[in-house]
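To start, the structure itself, in structure tokens.
Just so it is clear, none of the values below were taken in a lab; they were calculated from the coordinates. Computed from a predicted structure; not experimentally measured. Cβ sites come from the backbone with ideal geometry, for glycine too, and all protein chains shown count toward neighbours.
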Amino acid sequence: MADWQDLEAVDFMLDECTTWAVVGLSGDPSRTAFRIASLLQERGKKIVPIHPDAPVVLGEQGYATLADVPFEIDVVDVFRRSSAAGQFADEAVIAGAKAVWFQLGVIDEAAFDRTRAAGVPMVMDTCPAIEWRKRPGG
């Protein structure tokens with residue numbers, strides 16, 4: 001489990017990555033994905049909603065799939081059940097994302113192994129909000 005939250009990977013994503021595709025992000029403010037996407041924006045990140053309906057969320061145009069995004073993605077942040085999350089890690093690698101983040105409670109060890117084997121940093125079963133709070137002044 002410690003590998004899943006490798007501090008070097010967490011720091012890379014929080015400090016060096018600016019464009020975050022948020023898989024499962026809709027316009028529903030009661031959903032965790034919406035709250036975390038809002039926090040990402042507050043922290044200076046550009047969010048890219050990934051949802052089958054391709055909604056505009058928090059002022060950003062959404063896309064139905066990662067493959068539809070016409071610009072570079074730094075992090076693919078996945079808010080899906082563990083059983084459905086692995087395909088998004090694979091799509092992130094194919095799309096050339098620099099990193100993959102599976103949210104708190106989202107665990108797919110096989111996807112983690114595939115993603116890391118492809119040379120893409122990945123963390124899972126944590127949240128940017130949690131990781132920022134762990135930092136001094138967080």
Give the calculated FRET efficiency between ASP90 and ALA129 to the nearest 0.05, with a Förster radius of 25 Å applied to their Cβ-Cβ distance.
0.45
Which far-off residues, 5 or more places away or on another chain, put their amide H under 5 Å from the one on ILE107, with H placed in the peptide plane?
SER82
Put a dot 7 Å past each Cα toward the Cβ at GLU60 and ASP11; how far apart are the dots in nm?
2.5
Using θ = phi - 60° and the Karplus form 6.51 cos²θ - 1.76 cosθ + 1.60, what ³J(HN,Hα) does each residue of the stretch 53-64 get, whole Hz, x for Gly and Pro?
7, 6, x, 7, 10, 6, x, 10, 5, x, 9, 5
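Which percent, to the nearest 5, of DSSP beta bridges fully inside the chain are antiparallel?
On the way: 1 of 17 bridges.
Looking only at bridges with both residues in the chain, the antiparallel portion is about 5 percent.
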Residue-wise HN-Hα coupling along the stretch 14-25, computed from phi with Karplus coefficients 6.51, -1.76, 1.60 (Hz; x: Gly, Pro)
6, 9, 10, 9, 10, 9, 10, 7, 10, 6, x, 7
Label selected from [x] 119; [y] 100; [z] 142, the criterion being volume of the Cα convex hull per residue in Å³ as computed here:
[y]
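Can you tell me the length gained on complete extension of the stretch GLN41 to ASP113, counting 0.36 nm per residue apart and subtracting the Cα distance? Show your work: numbers first, answer last.
On the way: separation 72, 0.36 × 72 = 25.92 nm, distance 2.93 nm.
Answer, rounded to one decimal: 23.0 nm.
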Show that you can apply the helix-only estimate: for the chain, add -39,500 (n - 2.57) for every DSSP H stretch of four or more residues, divide by all residues, and state [θ] at 222 nm to the nearest 500.
-11000 deg cm²/dmol
What are the residues whose amide H is under 5 Å from the amide H of VAL48, where those residues sit 5 or more places off or on another chain and H is modelled from the backbone?
TRP20, ALA21, VAL22
Output for the stretch 67-102: trypsin sites (Lys or Arg not before Pro) sitting in coil per DSSP, at most 16 other Cβ within 10 Å, listed by number, reads ARG81
